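The values are calculated or read from the model by the stated rules, or taken from the named source; none is laboratory data. Only a predicted model underlies this, so the values are computations on that prediction, with no experimental measurement involved. Neighbour counts run over all protein chains shown; Cβ positions are idealised from the backbone, glycine included. Surface areas here come from the heavy atoms of the whole protein model, side chains and all, with no ligands, DNA or RNA. Shrake-Rupley method; radii C 1.70, N 1.55, O 1.52, S 1.80 Å.
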Amino acid sequence: MCGIVGYSGKRPAAPALLAALARLEYRGYDSAGIATVFGGDLHIKKGIGKLEQVEENCSLSHLPGNSGIGHVRWATHGGVTTGNAHPHCDCEHYIAVAHNGIIDNFEALKRRLSKTHTFVSQTDTEVIAHLVEEYLEPGAPLEQAVGRAVKDLKGTYALVVASPVEPGKLVACRQGSPLVLGIGKGETYVASDFQAFLDSTRQVVFIEDGEMVVLTHNLFHIYGRDGKRLRRPPVMLDNSLVKAEKEGYDYFMLKEIMEQPDAILATLRQDKQTLQKAAGLISRSRNVVFTACGTSRHAALIGRYLFSSVAHRLSDVIIASEFGYFGEAVNEETVVIAVSQSGETADVLEGVREAKNRGAKVLSIINTVGSSLARVSDRVLYLGCGPEISVAATKSFISQLVIFYLLAFTLAGRLEEATGELARLAAEIKENLAANNYAVPEVADLLSGKDKFYYIARGINYAVAGEAALKLKEVAYVHAESMPAGELKHGTLALIEEGTPVVAITPCDVTREHMLANVAEVKARGAFVIGVSDLPNNLFDAFVEVPQVAEVYYPLVSIIPLQLFAFYSAIARGLDPDRPRNLAKSVTVK
Ligand code: G6P
């Protein structure tokens, strides 16, 4: 969370920084700011709200100069105020810092510095600017002061510093938060994600933990933890990573839902050997544990089911933030399957590092190339579904499922069977989406006044219910709870009253009969039942039809109308589904 960017070049910096921040907004959008260096001074503007609002109110893009830094914030320390927005400065307004991460020891540092420095914000970040000020010596390079300052920091950071002390120079450091350089013609960028500058350059250099980089418009020097200069040539990103435009849609969320058939096909293009090696890791292990958060965890729950039903392997799924509490049981015979769209989720990374320390092997399933998770894993399978911008994950979920089908069927020695069926399904889903075959906008409108929803399902579809409920909570701000349908009678049934919406995923599979019995139970108590199925039933008040498929594939077809339902529920309530309140796409804090 939080996105940082720095630019040094020949063009005006502020518009370049603003464009880059717009592509980082998925990381935070409660406030934003830019600082540029010009005429021997720092020029700073910042404000609260989404980037376009801040630009409208403060004209960030009019700041002068050819170098500067920018930030989009997701508040951790200090409320959402202009004073807490980044960049932050030292006492003399001579050093500007943009930071992503959390400085754990900021209170102690602030106490120490407060004797001689004046603090104006509640943030942890501000201590960095004052530390650099403290260490800056006349005539000495800026990087020397930044290098000393970061030695005092405990916690996580990707930070970038600009100062008129050396106009055109930026100094950036990384410890636990992502940082990547973009090397253009006569200009350089540093950012939390290469998406920030992809319209200017695709030549990138990934920065590792403990490293510092010094940038000017035409050079970049990387230094290791020991202060020694490192040589690392840029790599060229391929075209498939560049697809972060709305392409005619009003919202990324809808665009990404509609892209799902292509996402299935893209994820199917796995290198067979890599897939076999990943499956080998699993088959040689004694214990298989998935770790993930949010949507990726729901995908993992379906993965667990597939491993059991297709490959006859028992496994467990542990929420990443809870993973550490199970550490004692992790050893050399464990394979940890870390599932993360971004590959930057702090809780996932921490669990994986701990598992590695205990001798476990790590197989990661990631979308973002070059992410931190990729670099600490033994093996990686990439989703390849292209950048996902909407905070609410959709196409990455579908692609994660595809990976689990591929792994489960590889383990069972039936890979060809799965690839054929998945390709056929992709075509069928595409047809349904194109023909607008899911009648969800009408149902979303009808139920737009309801403030609690229940999602029920059984077996492999249960995790779909969880994911569908999460989507509704995230983008429509409606309380939604999911549960295995059989569990209703153990408490939640007490909450069902006249008109309570209950979404029942009831395909014609092994769960159908029992599901219908549970649907009858809620119906008898007045529930309004939305049946998601390939077969209508009199018990359903609204019917969302999905194609009939072989049992294990129902999650792929049933989640899509429910993602659309969440999307249209947000629209019906006048909300922006791409930027839900309080959330961010990449959660780099614990
Ligand atoms: C955040 C996002 C979710 C996402 C979760 C895990 O909460 O808002 O959409 O599912 O993080 O992210 P990851 O990148 O690890 O899959």
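Contact annotation: residue pairs with Cβ atoms under 7 Å, 6 or more positions apart or on different chains, pairing a residue in the range 210-236 that is under 15 Å from GLY6 (Cα atoms) and assigned by TED's automatic domain parsing to the domain that holds GLU166 with a partner that is assigned to a loop (DSSP other than H, G, I, E, B) and open to solvent by 100 Å² or more (accessible area, probe 1.4 Å), are HIS217/LYS10. In the condition set (1) over 22 Å from SER342 (Cβ atoms); (2) open to solvent by 40 Å² or more (accessible area, probe 1.4 Å); (3) in contact with a Lys or Arg (Cβ under 8 Å, 6 or more places away or on another chain), TRP74 is compliant with all but (1).
For beta carbons closer than 9 Å, sequence separation of 6+ or different chains, a first residue in the range 411-431 that is under 16 Å from LYS272 (Cα atoms) and a second that is of a type in the set (Lys, Arg) and open to solvent by less than 60 Å² (accessible area, probe 1.4 Å), the qualifying pairs are LEU411/ARG313. A count restricted to the range 330-346 and to residues that are open to solvent by less than 40 Å² (accessible area, probe 1.4 Å), more than 16 Å from the ligand (Cβ to nearest atom) and modelled with pLDDT of 95 or more stands at 2. Scanning the range 60-79 for residues that are outside any helix (DSSP H, G or I) and modelled with pLDDT of 95 or more gives LEU63, PRO64, GLY65, ASN66, SER67, GLY68, ILE69, GLY70, HIS71, VAL72, ARG73. Would you mind stating whether GLU421 is over 26 Å from the mean Cα position of the chain (by Cα), under 14 Å from LEU268 (Cα atoms) and open to solvent by 10 Å² or more (accessible area, probe 1.4 Å)? Criteria met by GLU421. Counting only residues that are away from the ligand (no atom under 15 Å from the Cβ) and part of a loop (DSSP other than H, G, I, E, B), which one in the range 352-370 is most open to solvent (accessible area, probe 1.4 Å)? It comes out as ARG358. Residue count for the range 1-59 satisfying the condition of being charged (D, E, K, R), open to solvent by 10 Å² or more (accessible area, probe 1.4 Å) and either assigned to a helix (DSSP H, G or I) or outside the structural domain of ASP199 (by TED's automatic domain parsing) (or both): 5. Of the residues LEU349, LEU373, LEU314, LEU301, the single one that is more than 16 Å from the ligand (Cβ to nearest atom), touching a helix residue (DSSP H, G or I) at 6+ places or on another chain (Cβ under 7 Å) and not in a strand (DSSP E or B) is LEU314.
For GLN276, the criteria (1) away from the ligand (no atom under 16 Å from the Cβ); (2) open to solvent by 40 Å² or more (accessible area, probe 1.4 Å); (3) in contact with an Asp or Glu (Cβ under 9 Å, 6 or more places away or on another chain); (4) not hydrophobic (A, V, I, L, M, F, W, C) hold in every case but one, which is (3). Among the residues of the range 436-454, what is the count of those that are in a helix (DSSP H, G or I) and farther than 21 Å from VAL475 by Cα? Qualifying residue count for the region: 0. Being of a type outside the set (Phe, Trp, Tyr), assigned to a strand (DSSP E or B), in contact (Cβ under 8 Å) with a residue 60 or more places away in the chain and not assigned by TED's automatic domain parsing to the domain that holds LEU153 holds for only one residue in THR291, THR267, THR295, THR274, and it is THR291.
Looking across the range 122-153, the residues that are out of contact with any helix residue (DSSP H, G or I) (no Cβ under 9 Å at 6 or more places or on another chain) and surrounded by fewer than 20 Cβ atoms within 10 Å (Cβ to Cβ) come down to GLN122, PRO138, GLY139, ALA140, PRO141, LYS151.
Of the numbered criteria (1) in contact (Cβ under 8 Å) with a residue 60 or more places away in the chain; (2) surrounded by 24 or more Cβ atoms within 10 Å (Cβ to Cβ), the one ALA465 fails is (1). If only residues of the range 388-425 that are away from the ligand (no atom under 16 Å from the Cβ) and part of a loop (DSSP other than H, G, I, E, B) are counted, the one that is nearest to THR588 (Cα to Cα) is ALA412. Within the range 447-462, work out how many residues are more than 19 Å from GLU551 (Cα to Cα) and open to solvent by less than 10 Å² (accessible area, probe 1.4 Å). The qualifying residues number 4.
Of all the numbered requirements in (1) in a strand (DSSP E or B); (2) hydroxyl-bearing (Ser, Thr, Tyr); (3) open to solvent by 40 Å² or more (accessible area, probe 1.4 Å), SER283 misses one, and that requirement is (1).
Scanning the range 426-435 for residues that are over 15 Å from ARG269 (Cα atoms) and part of a helix (DSSP H, G or I) yields ALA427, GLU428, ILE429, LYS430, GLU431, ASN432, LEU433, ALA434.
Among residues of the range 63-74 that are closer than 18 Å to GLU25 by Cα and touching a residue at least 12 places away in the same chain (Cβ under 8 Å), those with a beta-carbon under 9 Å from a residue that is assigned to a loop (DSSP other than H, G, I, E, B) and acidic (Asp, Glu) at least six positions away or on a different chain give the pairs VAL72/ASP30; ARG73/ASP30; TRP74/ASP30. For the range 251-273, the candidate set comprises residues that are of a type in the set (A, V, I, L, M, F, W, C), open to solvent by less than 20 Å² (accessible area, probe 1.4 Å) and within 16 Å of the ligand (Cβ to nearest atom); within that set, the residue that is nearest to PHE404 (Cα to Cα) is ALA263. Among the residues of the range 322-341, some residue qualifies, meaning at least one is over 25 Å from the mean Cα position of the chain (by Cα) and in a helix (DSSP H, G or I).
The residues on offer are THR492, THR500, and the sole one that is surrounded by fewer than 17 Cβ atoms within 10 Å (Cβ to Cβ) and not assigned by TED's automatic domain parsing to the domain that holds ARG23 is THR492.
Here is a check on your reading of the model: is GLY327 free of Cβ contacts under 8 Å to residues at least 40 places away in the same chain and either more than 16 Å from the ligand (Cβ to nearest atom) or within 26 Å of LYS471 (Cβ to Cβ) (or both)? In short, yes.
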